[in-house]
Amino acid sequence: FSGSAIWLWSCATGECCHELRGHHAQVVSAAFSSDGALVISGARDNTAKLWSVSSEECLRTFGDHHDGMSLCAAISPDGSLVVTSSGCSSQLWNAHTGDLSHSLQG
């Protein structure tokens with residue numbers, strides 16, 4: 001990723017094959033789903049975004065982290081849950097509805 005965009009590169013050709021744009025600040029983390037169809041990203045705009053790799057579309061935006069930027073984000077192996085983390089809190093989200101399931105403070 002570079003700035004507020006995420007660039008996905010082909011291992012076979014070494015060329016940029018997808019560009020995901022939608023964050024309003026620097027992207028600090030990104031991870032693929034286990035099937036490679038989705039990417040979750042966390043950024044300094046206090047959000048995490050779930051992306052379709054094939055369409056380059058933002059499918060869902062998760063939360064507004066009140067204690068700072070979304071430093072880390074991950075997708076469960078079955079693609080049903082997203083976890084985001086920042087500062088001293090983590091949130092567990094329903095990936096399909098965007099609903100907050102649990103919030104953990106530490």
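The values are calculated or read from the model by the stated rules, or taken from the named source; none is laboratory data. Keep in mind the model is a prediction, meaning the values are calculated, not measured. Cβ atoms come from the backbone with ideal geometry, glycine included; neighbour counts cover every protein chain shown. Note: areas computed on protein heavy atoms with side chains; ligands, DNA, RNA excluded. Shrake-Rupley method; radii C 1.70, N 1.55, O 1.52, S 1.80 Å.
Numbers for the structure displayed
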{"quantity": "Scope the stretch 90-106; condition on the phi > 0 side of the Ramachandran plot and open to solvent by 50 Å² or more (accessible area, probe 1.4 Å); matching residues", "calculated": "none"}
{"quantity": "Among residues of the stretch 9-29, those that are in contact (Cβ under 8 Å) with a residue 40 or more places away in the chain and in a strand (DSSP E or B), counted", "calculated": "2"}
{"quantity": "Which listed residue, of SER41, SER33, is modelled with pLDDT of 90 or more and more than 15 Å from GLN91 (Cα to Cα)", "calculated": "SER33"}
{"quantity": "Candidates ALA30, ALA37 - the one that is under 11 Å from the mean Cα position of the chain (by Cα) and either open to solvent by 30 Å² or more (accessible area, probe 1.4 Å) or within 20 Å of GLY98 (Cβ to Cβ) (or both)", "calculated": "ALA30"}
{"quantity": "Condition check for LEU59: of a type outside the set (Lys, Arg), within 12 Å of the chain's Cα centre (by Cα) and in a strand (DSSP E or B)", "calculated": "yes"}
